[in-house]
């Protein structure tokens, strides 16, 4: 069976753990518990008749004073960059996360999640320019979570 | 043949490290007894380590390279695994064997996690408070030890900077905007504390207020009232201050026992212009006259329209000689100026120098008398009227 490593990257408290919990366990917990270090979850999936075990790395969120160890990035086939749509600074920090990830994995695939979209108004939603690699997501409302992961996995396997 | 498990158990601290020896293909050669706690199924010799430690998936090449680079050590820190936190390191053991060490760091990581949780919650709270302050329709800055330590976005954008560090580099000396003689934020605070002051920065007028935060930090808030102030303080025709504003500033100068020059000036034969060219042209001349004067005085000087063609000028932070020189230059400048509608004109100036016993009335009266003397002695010049010294 193929095994692929993907990382969830982004600032702290953007909802990386919640997205994984929704995707792997189809569950949601509203309380905030900071992730420290890294926790790996597994998900089996079948894409184009290929069975695949996805190893999802839930990595501690970046803060201004704490950077992610580079060894976490090594060997990853893909990444999901997660931002909180209600905290502009997490969106502004997106490029920095991409830059570091691609410096370690130049040929890896990636998608972007503008998370906590359930808190946006209809007008605010329209302001987001999306493409096939960017998603407005909500782990709470289970919005676009499956699409987010599947898009990345398909890209990685193609 | 070395008894590897015996040696390893002797070397490694009890219950702190676990180890696995791996061959080139990352298959398990031998394993410490207590490794079971990190995995749900007990690993067996000959099985691939990736079946039990999926943390190493994707790293196969990196790990195999260690066999040819004995000095390399690959480390993955703070991995959550089966209710434990571990550090994993893989290093060279011999030319065909890798040593994988697993260190249990659960206790210390749980403590760090609590601190991190607290720190992140504080960061979120700070971020929220910052946004609240940024969205206030006032300009806020906080001083600690004579340095700006916080400013909201409104304040930073006003001075065209993005960060506090940039703001500090500007060396604003903001207190100078209120009063040129102030030399510290402490002095500014003493002046403003528990009351309101009007402060002019560039072309804007603000209400400045101050309060203490925990006795060490001084909070200053500025409310922009430029539009309102313009309506209330400025003469609509000439765009210079109204006499009420001038009087307030002069009163403040006298209250602080500072020295300055009070000048009353008007256009010579202005009535004749109004009669000959009409009021519209007269108004244009007044505007042009006020603009010329305004452009040739310093930022801290105050020009106001008293009424008709009479203007008031307050020269601050200067000496008597310099003030007199400036008044003469203004007189000459008007004489040399060609007014758009009517050509040449002259002005007469009456000047008084403030003294500590002066009142608003006394100093204005003296300047008015000086102007009268100037008019009666040929116009187009400056007359200075000093207070007669008391015989005492």
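All of the numbers you see were taken from the coordinates with simple rules; none came from a lab. Note that the coordinates shown come from a computational prediction; the quantities given were computed from them, not determined experimentally. We place every Cβ from the backbone using ideal geometry, glycine too, and count neighbours over all the protein chains shown.
When Rg and the Kirkwood radius Rh are both evaluated on Cα atoms of segment B:180-253, their ratio Rg/Rh stands at 1.03. Considering only alpha-carbon pairs that sit under 8 angstrom and 6 or more positions apart, the relative contact order computed for segment B:55-156 is 15 percent. Averaging the Cα positions of each part gives two centres, and for segment B:224-296 and segment A:129-158 these lie 66 Å apart.
Using a Förster radius of 45 Å, what is the FRET efficiency between residue B:62 and residue B:149 based on their Cβ-Cβ separation? Nearest 0.05, please. Could the numbers behind the result be given before it?
On the way: r = 45 Å, r/R0 = 1.01.
Using R0 = 45 Å, I get an efficiency of 0.50.
Determine the calculated [θ] at 222 nm for chain A from helices alone, applying -39500 (n - 2.57) to every DSSP H run no shorter than 4 residues and normalising by the residue count; nearest 500 deg cm²/dmol. Walk me through the intermediate numbers first.
Values: 5 runs with 44 residues, N = 158.
Roughly -8000 deg cm²/dmol at 222 nm, from the helical runs in chain A.
Per residue, the average separation of C-alpha pairs within less than 8 Å and at least 6 apart gives chain B a relative contact order of 9 percent. Counting other Cβ atoms within 10 Å as a rough exposure proxy, the listed residues B:275, B:235 run B:275, B:235 from fewest neighbours to most. Expressed to the nearest 5 percent, the antiparallel share of DSSP beta bridges inside the protein assembly as shown is 75 percent. Modelled spin labels at residue B:275 and residue B:162, positioned 7 Å past Cα toward Cβ, are 6.6 nm from each other.
In terms of overall dimensions, segment A:1-137 has a Cα radius of gyration and Dmax of 14.8, 45 angstrom.
Seen from a random direction on average, the alpha-carbon convex hull of the protein assembly as shown projects onto 40.1 square nanometres. Can you compute the label reach from residue B:193? Point 7 Å from Cα along the Cβ direction, backbone N cut-off under 19 Å, restricted to segment B:136-160. Zone members listed by number: B:141-149.
Provide the FRET efficiency to the nearest 0.05 for the residue B:380-residue B:257 pair, computing r from the beta carbons and using R0 = 45 Å.
0.85
Going 7 Å from the Cα of residue A:1 along its beta-carbon direction, which residues of segment B:50-88 have the amide nitrogen within less than 19 Å of the resulting point? The answer is B:50-60, B:82, whose backbone nitrogens lie closer than 19 Å to the label point. Reducing segment B:46-94 and segment B:342-384 to their Cα centroids gives an inter-centroid distance of 91 Å. Annotation: extensible slack from residue B:183 through residue B:248 equals 21.2 nm (criterion: 0.36 nm per residue apart, minus Cα-Cα distance).
This ranking places B:351, A:1, B:333 by how few other beta-carbon atoms lie within 10 Å of each, fewest first, which gives A:1, B:333, B:351.
Taking the convex hull of the alpha carbon atoms in chain B, what volume per residue do you get, in Å³?
Details: hull volume 101.1 nm³, N = 392.
Looking at chain B, the number lands at 258 Å³ per residue.
Beyond 25 Å, how much of the Cα-Cα pair distribution for segment B:269-392 remains, as a whole percent? Result for the distance tail: 25 percent.
Normalising by the residue count of segment A:30-150, find the relative contact order in percent from Cα pairs under 8 Å and 6+ residues apart. Provide the component values of the computation, followed by the final result.
On the way: 154 pairs, mean separation 21.8, N = 121.
Over segment A:30-150, the number comes to 18 percent.
Dividing the summed -39500 (n - 2.57) terms of all DSSP H runs of n ≥ 4 by the residue count of chain B sets its mean residue ellipticity at 222 nm at -11500 deg cm²/dmol. Residue order for A:114, A:73, fewest other beta carbons within 10 angstrom first, comes to A:73, A:114.
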